[in-house]
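Here the structure comes first, spelled out in structure tokens, and everything after it is commentary.
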Amino acid sequence: MIGLPQVYILAGLAFGAFAVLSSSDTSNPKRWRNAAFWALLALSMLAGDRIGDFGNGLLVLALVLIAGLGGLGKGAVRPDSPAREAAAARHGNRLFLLALVIPVVALIGTLAFKAVPDLVDPKNVTLVSLALGVLIALAAGMIWLRTGLSEPLHEGRRLMDAVGWAAILPQMLASLGAVFALAGVGKVVGGVMTAVIPDGSRIAAVIAYGVGMALFTMVMGNAFAAFPVMAAAIGLPLLIGQYHGDPAVVAAIGMLAGFCGTLMTPMAANFNVVPAALLELKDRNAVVRAQIPTALPLLAVNIALIWFLAF
Amino acid sequence: MNYWVLSGILVMIGGFMLRLNALVVVVLAALVTGLAAGMDLAVLIAAFGKAFNDTRYVSVVWIVLPVIGLMERHGLQERARSLIEGLRGATLPRLLTGYLLLRQITSALGLTSIAGHAQTVRPLLAPMAVAAAQPADDAEAERIKAFAAGTDNVGLFFGEDIFIAIGSILLMKGFMEQNGIILSPFELSVWAIPTAIAAFAIHGFRIWRLGRAQR
């Protein structure tokens, strides 16, 4: 059965290639740091299940030491935009066809692989389809543009350098969430929230639920981590238990109040920090800044919706 | 109650305010939280390592970079730009509003991975938005690119919960079930529709204002 293990092998090979290419990039003053960083990530993808939990922990510490003490570097970028302009004119709109291969394969694969649960792990159809889309797009691009494998890998390494260590920040934050859960952080936060709501005030409970969901999401970077805490602290005992709110409304719109928090925090790295790096923006918080004026009014709307629809 | 376990949250907030390396801050927060909860250091390292290994799927998305890089090398961004410049009606508000709507609708159908920052924003939407806006300087171009990335997030977040088999819906269903309340995914997903409409209205209004400020 095709599932995550095969996808991880592909990812390990890609990071391994980035590591090898980084080591030979003499224009990058920190090339050995980059090479070591991507090599460790390749090791994690290829052999993470074999080196044990403690081994993985040491691997993470090594990654953090490389990124934290001195950081990663970037190679010189060849600014040959006339060549790209000429290529763009020559290839025309067919370039868009190539750009659509990954989304289209991901779409078809996600729908079609569900029908063959023996062939593809039904829990991971989307990731398998994404990987398949990458392979098909790569093969089609190499044939059509008549390049070898080294050109896409070199270009991939260049983009990877632009993202830098922020590439693993989402995975690190997800791991921190697991440690928070083990330590019982959620229960304590829930206890604090319950203590600050005045007794008998339904409107205060609704506001505390919505705002608390957004705030705790901002701290954790993830509404999935905030939901069980706030729902257990305020949603279930007060809004549903004491004031008889509709549980479906309280849950569904409470989660969406949390999503407003996701828009406002650098902790939601994959949505807010990684795109800033990917678009090579000077301000790492530029995306958060662009989103706050949408998130705040939407949070108010969500709180009002709970108030009007749940009771 | 052991309030010391909250010290990790303070480490996170302080670390971000002091602009320390975020990876270092995360590890320090985990360390402080785990020790405050009375965990042994070796147990803590192993717990973090296990969680890191279990969440590798989060970092798999980078395998798209060689394909994006190849297309960029052969002029994808330039082509996206000249396509928009050649279309007379392709204004910034139309482009972003159209993308927002498309992203909300496809996410509502469960197709969350067909677009994204690596797949569509960097190679297509951002250069198209910059071409449509004709920014006066680099700072304005940065704002437009950041707005394009934000539009992708808003479309994804406030579309995906309408789909019944998305992670957050299953999480809510599971949580409520543990507490003795049986909800069907459909009951939860219909209540995402009012917020989806509000998100489109609010963000669409901001896109319209961005377009007016451009003129």
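Laboratory data are not the source of any read-out in this text; all were calculated from the coordinates shown. Every value quoted in this text rests on a predicted model; they were computed, and no experiment measured them. Counting neighbours? That spans all protein chains shown, and the Cβs are built from the backbone with ideal geometry, glycine included.
General remarks:
- All of A:ALA106, A:ALA115, A:ALA83 fail the test of being without any contact (Cβ under 8 Å) to a residue 12 or more places away in the chain and surrounded by 12 or more Cβ atoms within 10 Å (Cβ to Cβ), apart from A:ALA83.
- Where helices (runs of 4 or more DSSP H) sit wholly within region B:10-85, those with at least 3 residues that are under 30 Å from A:ARG90 (Cβ atoms), in contact with a Leu (Cβ under 7 Å, 6 or more places away or on another chain) and facing another protein chain (nearest Cβ under 7 Å) occupy B:65-73.
- The set of residues in region A:138-173 being more than 8 Å from chain B (Cβ to nearest Cβ) and more than 24 Å from A:LEU98 (Cβ to Cβ) consists of A:GLY164 alone.
- Test for A:LEU263: is it more than 19 Å from the chain's Cα centre (by Cα) and either farther than 21 Å from A:PRO237 by Cβ or acidic (Asp, Glu) (or both): no
- Filter result (buried (at least 23 other Cβ atoms within 10 Å of the Cβ) and aromatic (Phe, Trp, Tyr)) within region B:15-61: B:PHE48, B:PHE52
- Among the residues of region B:146-179, the one identified as facing chain A (nearest Cβ under 9 Å), not charged (D, E, K, R) and not in a helix (DSSP H, G or I) is B:ASN179.
- Selection of region A:18-53 for residues being assigned to a loop (DSSP other than H, G, I, E, B) and among the aliphatic types (A, V, I, L, M) yields only A:ILE51.
- Scan of region B:180-200 for residues that are more than 9 Å from every other protein chain (Cβ to nearest Cβ) and assigned to a helix (DSSP H, G or I), ordered by number: B:PRO185, B:PHE186, B:ILE193, B:ILE197, B:PHE200
- Each residue in region A:47-73 was checked for being buried (at least 18 other Cβ atoms within 10 Å of the Cβ) and more than 10 Å from chain B (Cβ to nearest Cβ), and 1 pass.
- You will find that of A:ALA178, A:ALA223, A:ALA232, A:ALA208, the residue that is more than 10 Å from every other protein chain (Cβ to nearest Cβ) and in contact with a helix residue (DSSP H, G or I) (Cβ under 7 Å, 6 or more places away or on another chain) is A:ALA208 and no other.
- Extreme residue, surrounded by the fewest Cβ atoms within 10 Å (Cβ to Cβ), among residues of region B:170-210 that are in contact with a Ser or Thr (Cβ under 6 Å, 6 or more places away or on another chain) and of a type in the set (A, V, I, L, M): B:ILE202
- Number of residues in region A:8-39 that are within 16 Å of A:LEU72 (Cα to Cα), touching a helix residue (DSSP H, G or I) at 6+ places or on another chain (Cβ under 8 Å) and away from chain B (no Cβ under 11 Å) equals 14.
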